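The values are calculated or read from the model by the stated rules, or taken from the named source; none is laboratory data. Not measured: the values here are computed from a predicted model. Note that we place each Cβ from the backbone using ideal geometry, even for glycine, and neighbour counts take in every protein chain shown. Ligands, DNA and RNA are stripped out before the accessible areas are found, and what is left, the full protein with its side chains, is counted by its heavy atoms. Shrake-Rupley method; radii C 1.70, N 1.55, O 1.52, S 1.80 Å.
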Amino acid sequence: MAVFLLLLTLFGLAGTQHQALMEYLERRLLAIEDRISIWHEQTSRYATELRDFKQQMVALMENLDKEKEALRADLDGINTRVERVEREMDYLDTQNGAQPCVDVDDKLVEQDVTLVKEKNRDKYDKLTECREMISSVKAMKILKRVGGPKGIWTKDIVSRSDKIYIFNGTSEDSLYEFNSARDFATSPGISRAKEIKLPSTWDGTGHAVYKGHVYYVKKDKEFQVVKYNLKNVSVVDTAVFPAEDQIPVYGLNPETYIDLAVDEEGLWAIYATRENERNICLAKMDPNTLDMEQMWDTPCPRENAEVAFVICGTVYVVYNTKLPSRSRVQCVFDVSDMVTNDDAPLVYFPKRYGSHSSMKYNPGDQLIYAWDDGYQILYKLVMKKKLEV
Ligand SMILES: *[C@@H]1O[C@H](CO)[C@@H](O)[C@H](O)[C@H]1NC(C)=O
Ligand SMILES: *[C@@H]1O[C@H](CO)[C@@H](O)[C@H](O)[C@H]1NC(C)=O
């Protein structure tokens, strides 16, 4: 009996202890569950907040992207306007001629006129010894703004006259003659010019004036080169250009199929055909018979080409981008193999303008007569000897 009582007490004690333990555990569990549910709540709140935040970020990023686009467009717009202003100021400068730097430039033009005569003599005696290549563009002068966005202005190349000729546009049947660059620069518009009506239309911006003759390109079923005597105002010769399936020679100037260029060596034609449609071709022309004396496939691509010119038997191709940027010589080809693309310097033209529709090199004054978006510009070149490193 005593044993039974003892056992009962023991069990009773164990029972209470057990209960207390159970209650303790219960409380702990509840507390933990509470905390877990709080964590759950918090986590889901965090998750929601994170999601919201993410959404906000995405929206912000999208907005930023849009704003970036808008900003870029604005910047482009501002850039264009700044350049326009710069150009206008340059133009006004040349009109006023008051500033010292412009004076220097003015002298440059005056000098050319006088220098040409002396230079011509020793220059053309050593015609075939011509060994010069461009080193850089030294100066630029905006002489005038006249005519449409595309055209040509040039001096009668290799002749004693200082006459300036203007081909306005890309297809007309007349050109304008001024007695000198100064006359042209000071003429209100083209009012002081003599208009020369040609017997047919010229096409593109690849014509040349050479030794008293206009050599112009005419597009019929095929391309013709017409030689027109300016003295007795009559056609001397007409020849079908001896190349087939012609395509525009410069990617950025689709109106021009043949670009006639004059250098120290004579008359050249820069053109392109479907047969070799990626690259520009060069031909030496006989100015008397209009025959092609020799032709070359150059390694210079047509794509993004803007204009080209020839100096001492080396063709320099000028490239730009569809949205006009700085024009630069990026490919050269020398018929005498003395200049390769590697030794030719990358020549940038000063500042940034619209886009050139023509660049006519004059071997007499070593200036480039460029037509840039309706502005007539002179580029003064620095030359060096070929094969000089
Ligand atoms: C020059 O050509 C443009 C078209 O390209 C024409 O609008 C303009 O009237 C021409 N200007 C002169 C002076 O002939
Ligand atoms: C014009 O002059 C050139 C040479 O200067 C001559 O060959 C041509 O026959 C002349 N034309 C006319 C119509 O007088």
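Positive contributions from Lys and Arg (+1) and negative ones from Asp and Glu (-1), summed over other residues with Cβ under 14 Å from the Cβ of Asp291, come out at -1.
Shown here for region 239-321: trypsin sites (Lys or Arg not before Pro) in loop regions (DSSP other than H, G, I, E, B) with at most 15 other Cβ atoms within 10 Å, namely Arg278. Starting from the Cα gyration tensor of region 99-385, take the square roots of the eigenvalues, sort them a ≥ b ≥ c, and report rounded, prolate or oblate (rounded when a/c is under 1.5, otherwise prolate if a/b is larger than b/c, else oblate). Here region 99-385 falls in the rounded category.
Of all accessible surface on region 139-192 at a 1.4 Å probe, what whole percent is carbon and sulfur? Carbon with sulfur: 49 percent of the solvent-accessible area.
Listed cross-link partners Lys68/Lys322; Lys150/Lys360; Lys144/Lys194; Lys141/Lys231; Lys144/Lys380; Lys163/Lys385 are compared with a 20 Å cut-off, the Cα-Cα value being larger for Lys68/Lys322; Lys141/Lys231; Lys163/Lys385. Here the dipole of region 99-385 is about 1000 debye; that uses its Cα centre as origin and unit charges on the Cβ of Lys and Arg (positive) and Asp and Glu (negative).
So, by mean Cβ neighbours within 10 angstrom, what's the order for 43-49, 261-267 with the highest one leading?
Details: 43-49: 10.3, 261-267: 22.7.
In decreasing order of mean packing, 43-49, 261-267 become 261-267, 43-49.
For region 236-388, build the charge dipole from Cβ charges (+1 Lys, Arg; -1 Asp, Glu) around the Cα centre, then report which of Leu367, Gln294, Val339 sits farthest towards its positive end. Positive-most Cα among the choices belongs to Leu367. Accessible area per residue for region 99-385, computed on protein heavy atoms with a 1.4 Å probe, is 41 Å².
Spacing of the modelled spin labels on Asn304 and Ala73, each 7 Å from Cα toward Cβ, amounts to 2.6 nm. In the complete set of protein chains, residue-level accessible area for Ile78 is approximately 90 Å², probe 1.4 angstrom. Among the protein heavy atoms of region 211-322, carbon and sulfur supply 44% of the accessible surface, probe 1.4 Å, non-protein parts ignored. Could you tell me what percent of the accessible area of region 19-78 is made up of carbon and sulfur, with a 1.4 Å probe and every protein chain present? Reported share for carbon and sulfur atoms: 61 percent. Among the GluC sites (Glu not before Pro) found in region 272-337, those both in a DSSP coil and sparsely packed, with 15 or fewer other Cβ atoms within 10 Å of their Cβ, are Glu277, Glu303.
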